[in-house]
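The values are calculated or read from the model by the stated rules, or taken from the named source; none is laboratory data. On a predicted model such as this, the values are computed, not experimentally measured, just so you know. So basically every Cβ, Gly included, is an ideal-geometry build from the backbone, and we count neighbours across all protein chains shown.
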């Protein structure tokens, strides 16, 4: 199973974004995603004791400037995985980690450090009988695992593509962080009933409308981010997650209260939004129209 196949199997829609990115940033984004997904797989290995998962995440965090994760043995963690793509990903982790150390800058290790910090926070915070996250904790968590990704994306584009946006870099970094947090909030809201059944309450029922409104507003920041991108290819690739995020929120709001299984945007609808978004490749003026349509 190739890295491309792993990307496709472990990310239902983000692999489409990665494939569409300009070549100058595609490799680093793909590497960052695969490493973050591997860390997430390790953190979510429920058949392994939490203490062992925490210890491995802390070791990985301390190994970001090294060519390997001290003490990591792929075969010990592969045996816990039922999904073939995740099992293969953990087998590839040593090679991915060596590429991380060989990188020409510290952008990927930097964002991976934040993501691992978020995963450590998540495991430590949700012990038996844990209370729901506070607003400040949810803000911190969503920034660590996703807002930091928006900043990484922005810094990577600035480093590799030069004058990639019409707005100032700090404005783009702020919007990028908001966009990343929005996408994570979409995931939290989509999965909240299933997570609550497992004792992990990120958002209570009473707070769900507030955070849904927050997610929608921050997706709007993401659309503004996209509208200021100079590259049509980059604009198209970056806008798709926002369009699908709005659709996921709409579908989740209509889900019957007793259903635990998270909703998904149907594949045919994903394809339809990909086709409808094509005009942004040629002109940024279509971004606001598409955002208005998707956010209904």
Quick one: count up the residues across the range 278-292 that are in contact with a helix residue (DSSP H, G or I) (Cβ under 8 Å, 6 or more places away or on another chain) and either within 19 Å of residue 218 (Cβ to Cβ) or in a helix (DSSP H, G or I) (or both).
9
If residue 113 satisfies every condition in (1) under 30 Å from residue 211 (Cα atoms); (2) out of contact with any helix residue (DSSP H, G or I) (no Cβ under 8 Å at 6 or more places or on another chain); (3) outside the structural domain of residue 154 (by TED's automatic domain parsing); (4) part of a helix (DSSP H, G or I) but one, which is the exception?
(2)
Among the residues of the range 1-60, count how many are assigned to a loop (DSSP other than H, G, I, E, B) and either under 16 Å from residue 156 (Cα atoms) or assigned by TED's automatic domain parsing to the domain that holds residue 150 (or both).
2
All but one of (1) assigned to a helix (DSSP H, G or I); (2) at pLDDT 95 or above hold for residue 252; which doesn't?
(2)
What number of residues within the range 145-155 are surrounded by fewer than 23 Cβ atoms within 10 Å (Cβ to Cβ) and within 25 Å of residue 49 (Cα to Cα)?
0
Does residue 118 satisfy being in a loop (DSSP other than H, G, I, E, B) and either farther than 30 Å from residue 231 by Cβ or touching a residue at least 24 places away in the same chain (Cβ under 8 Å) (or both)?
no
Does the range 121-155 hold any residues that are over 16 Å from the mean Cα position of the chain (by Cα) and outside any loop (DSSP other than H, G, I, E, B), and which are they?
121, 123, 124, 125, 135, 136, 137, 155
Condition first: within 28 Å of residue 173 (Cα to Cα), surrounded by fewer than 20 Cβ atoms within 10 Å (Cβ to Cβ) and in contact with a strand residue (DSSP E or B) (Cβ under 7 Å, 6 or more places away or on another chain). Can you find one or more residues in the range 230-241 that meet it?
yes
Of all residues in the range 41-71, how many are touching a helix residue (DSSP H, G or I) at 6+ places or on another chain (Cβ under 7 Å) and surrounded by 12 or more Cβ atoms within 10 Å (Cβ to Cβ)?
17
Of (1) surrounded by fewer than 16 Cβ atoms within 10 Å (Cβ to Cβ); (2) within 21 Å of the chain's Cα centre (by Cα); (3) part of a helix (DSSP H, G or I), residue 210 satisfies every one except (2)
Among the residues of the range 266-279, which ones are touching a residue at least 24 places away in the same chain (Cβ under 8 Å) and closer than 17 Å to residue 186 by Cβ?
270, 273
Please work out which residue is farthest from residue 16 (Cα to Cα), limiting yourself to the range 213-223 and to residues that are touching a helix residue (DSSP H, G or I) at 6+ places or on another chain (Cβ under 9 Å) and surrounded by fewer than 18 Cβ atoms within 10 Å (Cβ to Cβ).
217
